[in-house]
Structures are given as C-alpha cells and as structure tokens.
Amino acid sequence: MAWILLLLAGLLEVVWALGLKYTDGFSRLWPSVGTLLAMAGSVGLLGLAMKSLPVGTAYAVWVGVGAVGTAIGGMLLLGEPATAGRLLSLALIVAGIVGLKLASA
C-alpha cells in the first residue's frame, strides 16, 4: 500500500509541477488553487508512504517519478523537445527508481 501511495504522490507532483506553468506566477486563480491542492496532496501522500518506507528510498522515488513525469508532460503538453539524450536520461532515472524499489523489498 505504501508504494501505491508513493506513486500517487509522485503523480500529484507531476500535476503541480506542470500546473505551475499555468498559474502565470500564481496570478491566475483556478490554476493556482489546483496547483496548491496538488502540492498539499503530494506531500501528504509522501508523508503517509514514509510511515513504512525508508526515507531515502521514498524521497528519491517521489522525486524521480515527479521528474520523469514532468519531463514527459512537458514534451507532450508544452512542446518541449524529445531528443535522444533527454529520453535516455529519463530511462536512466526510471532504472534508478526500479533499482531502489528492488533494493528495498
């Protein structure tokens, strides 16, 4: 269950990171509200997951899921380049996340 909470926390991190782009410096009300709610939910779920997962593993996985998801979201939604170097780097992050999961089992 903790791993599911951690994955959801990471997905909410993607939501708030991409949401920051739409807040226009927190000058737009509804994107700002949604972004702040996603931030709170992400950190809250991370805290719940850390009740039974090692802090280093949980935090690294949370950041990794958020970073990979945000980079992919930027490519799909914001027209950011999907170069071979970027995709390879994201694959390495995913490999690290999988490695942390396997090492903490």
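The values are calculated or read from the model by the stated rules, or taken from the named source; none is laboratory data. Please read these numbers as outputs of a predicted model, since none were measured by experiment. Heads up, the Cβs are rebuilt from the backbone with ideal geometry, glycines too, and the neighbour counts pull from every protein chain shown. Remember, those area values only see protein heavy atoms, side chains included, never the ligands or the DNA or RNA. Shrake-Rupley method; radii C 1.70, N 1.55, O 1.52, S 1.80 Å.
Considering only 42, 53, 71, and ranking their Cα positions along the charge dipole of the chain that arises from unit charges at the beta-carbon of Lys, Arg, Asp and Glu, the one farthest toward the positive end is 53. Take residue 101: with every protein chain present and a 1.4 Å probe, its accessible area is about 80 Å². Net charge of the neighbourhood of residue 31, taken over other residues with C-beta under 11 Å away and scored Lys/Arg +1, Asp/Glu -1, is +1. Residue 75 to residue 104: extension gain in nm, 0.36 nm per residue of separation minus the Cα-Cα distance? Computed gain between residue 75 and residue 104 is 7.3 nm.
Summed over the residues of segment 17-105 and divided among them, the accessible surface reaches 59 Å² per residue at a probe radius of 1.4 Å. So how exposed is residue 50, as accessible area in Å² (1.4 Å probe, rounded to 10)? Here the residue's solvent-accessible area equals roughly 60 Å². Net charge around residue 68, counting only other residues with Cβ within less than 11 Å of its Cβ (Lys, Arg = +1; Asp, Glu = -1)? Net charge around residue 68: 0. Computed on protein heavy atoms with a 1.4 Å probe, the accessible areas place 83, 57 in the order 83, 57, largest first. Scalar couplings 3J(HN,Hα) for segment 42-56, obtained by applying the Karplus form with A = 6.51, B = -1.76, C = 1.60 to θ = phi - 60°, are 5, 5, x, 5, 4, x, 5, 5, 6, 5, 10, 10, x, 4, x Hz; x denotes Gly and Pro.
Couplings 3J(HN,Hα) for segment 95-100, derived from phi with the Karplus relation 6.51 cos²θ - 1.76 cosθ + 1.60 (θ = phi - 60°), are 4, x, 4, 4, x, 5 Hz, where x marks Gly and Pro.
Once the convex hull of all Cα atoms in the chain is built, its volume per residue stands at 92 Å³.
If you take all other residues with their beta carbon under 14 Å from the beta carbon of residue 6, and give Lys and Arg +1 and Asp and Glu -1, the sum is +1.
Note on residue 84/residue 51: beta-carbon distance plugged into 1/(1 + (r/R0)^6) with R0 of 41 Å gives a FRET efficiency of 0.55.
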